[in-house]
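Engineer: Please find one structure pasted underneath; my questions will follow.
Coordinate-derived values only; no laboratory data. As the structure is a prediction and not an experimental result, all values here were calculated from the model. Cβ sites come from the backbone with ideal geometry, for glycine too, and all protein chains shown count toward neighbours.
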Amino acid sequence: MQNFVLSHNLQIQSESVPSFTAAELAEGLSLHSDHIKANALNHPHWMIVVESELSSQQLAREVVDSWKKLRESLGHSINHSLIALGGRKDSAATSSSPLQQGYWGVDVVECTNPDAFLESINWDALKAGRPEESVFEYRG
C-alpha cells in the first residue's frame, strides 16, 4: 500500500485555473481514478491523503492524470504542465503530522515552465541529497 500526502503548488494566476479546496480535490481525484482513494485533510500545508496499491511511480502518474481529468471535467484550462515531486518520509514523524514514516510527501505543481520552476527550487540539489529510491519526479 502506498500513501501519498499531497500539497498543491499553483504557480499559475488565472481565473481559468482556480485553486481547489481539500474536499474538492479529494472527491475529484477519487472520482477520476479507479486506483486511488483520497481523503481531505485539515492541515495548513498538506491537502489530502491518497492511498493505492500502485507503485509510487504508477501512483504519481495516476494522481497527475486524475488531476488533469478533474480540471477538464470542471471546464478549467489545462494548457500548462503538472509535475508531481515526491519524497519518502524515512525518519520518525510527529504524531500530529499527516506525513508519517514510510509515506510519500508529494507536491503537485501546476506551472507553465517546469524546467524554470525546478531550477528555482534547486530540485537537482534536493534530489542529490536523497537515496534514488526515496525521491521521484513525474511530469504530465
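Engineer: At a Cα cut-off below 18 Å, give the lysines reachable from LYS37, other chains included and same-chain residues fewer than 8 away excluded.
Structural biologist: LYS68, LYS69
Engineer: Can you give the longest stretch of the chain with no exposed loop site, where a site means GluC sites (Glu not before Pro) in a DSSP loop (not H, G, I, E or B) with at most 16 other C-beta atoms within 10 Å?
Structural biologist: 54-140
Engineer: For ILE12, enumerate residues with amide H under 5 Å from its amide H, sequence gap 5+ or separate chain, H modeled in the peptide plane.
Structural biologist: none
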